[in-house]
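Heads up, the thing below is written out as structure tokens.
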Amino acid sequence: MKKIFGFILIILVFLVGFIYNEFNGNPLSKYFAKREISKYISANYSDKDFEIISIGYNFKFHNYAANIESKKENIKFVIDIKGDGRFYDEYYYSYSAEQKIARKFGEQLSKILYEELKEKVPDLKAVATSFEIERGKYLFTDEYSKNIKEQPAISIGFVGDQVTKEEFVNKVYLVKEAVIKGGYKPKSFNFNYNAQGDKGALIYSLNLDESQLNLSKEEINNIKFGFDEGTKEELRKNAAKNKFLLKVYIIGILGFVIGTALFITAIINKEKKRKNIESS
């Protein structure tokens, strides 16, 4: 009898521990995550008064995030560590001098490209560019130049009437070639074509990474882009599948707990009956 109860107890402890680990992480992993984030802070911000206030677990992405505070700068931010060891540094993207310089360069290049492209592409609505700047490489007083090593990620927005895929590809190719021949050394492109009007529905969307920048117009036309009905249906099916698996997971846990409880109750009742029979 004691062996049965011991076995059931072990299973319940394992189950509770598994569920807790899935949603809250575990102390050992938390310790190592905190240690790695501390090393990251020491290596990159040795001149700052950054202090780890707390560290939590994101069960959705299975990673740890540390809440950091700087009393001198009077700010709080997050640094998290991914499963593959990469860091997301909110301070770098929101408060650092490098990010301010990156925004400045991006704004300057966006204006330059818009002025150069608007006459060539009447449907051009917006140009946005972004950079990743190395620490300590530039001063805020520096200006954007084609000679900088960093390559911009460029987003192009078109707005107009309904266009065909061929017309959209023509605009994409024209912009791509103009930027490259202009010596701007792009890292990637994102193109979006929206309909005119209040709703501004997205008609076409296309991304080109660095390996695709030399594609011909015909090769670009063969790329599958935008969300056609087949892709939408595939996304809907995946979402429904994930919801179904989550329900099965929850029902399975509940069923196991209820079944275990009924099993224990049956054993207890059986033991009571046996004792009653023996006493009578």
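Things to note:
- Check on Leu113, surrounded by fewer than 16 Cβ atoms within 10 Å (Cβ to Cβ) and aliphatic (A, V, I, L, M): no
- Some residue of the stretch 163-180 being under 30 Å from Tyr95 (Cβ atoms) and either of a type in the set (Lys, Arg) or part of a loop (DSSP other than H, G, I, E, B) (or both): no
- Residue within the stretch 139-154 that is part of a loop (DSSP other than H, G, I, E, B), in the same structural domain as Leu109 (by the TED database), surrounded by fewer than 17 Cβ atoms within 10 Å (Cβ to Cβ) and of a type in the set (Phe, Trp, Tyr) present: yes
- Filter pass, Glu73 being over 23 Å from Lys181 (Cβ atoms), assigned to a strand (DSSP E or B), of a type in the set (Asp, Glu) and not assigned by the TED database to the domain that holds Ala178: no
- One residue stands out in the stretch 65-75 among those that are over 14 Å from the mean Cα position of the chain (by Cα) and surrounded by 14 or more Cβ atoms within 10 Å (Cβ to Cβ): the one that is nearest to Asp49 (Cα to Cα), namely Ser70.
- Test: residue in the stretch 5-27 that is under 30 Å from Tyr144 (Cα atoms) and either of a type outside the set (A, V, I, L, M) or modelled with pLDDT under 90 (or both): no
- The set of residues in the stretch 116-129 being in contact with a strand residue (DSSP E or B) (Cβ under 7 Å, 6 or more places away or on another chain), surrounded by fewer than 17 Cβ atoms within 10 Å (Cβ to Cβ) and either of a type in the set (S, T, N, Q) or without any contact (Cβ under 8 Å) to a residue 12 or more places away in the chain (or both) consists of Lys118 alone.
- Residue within the stretch 156-164 that is over 26 Å from Ile75 (Cβ atoms), over 29 Å from the mean Cα position of the chain (by Cα), acidic (Asp, Glu) and surrounded by fewer than 14 Cβ atoms within 10 Å (Cβ to Cβ) present: yes
The values are calculated or read from the model by the stated rules, or taken from the named source; none is laboratory data. It should be emphasised that the depicted structure is a prediction, and the values quoted were computed from it without experimental measurement. All Cβ positions, glycine included, derive from the backbone under ideal geometry; neighbour counts span all protein chains shown.
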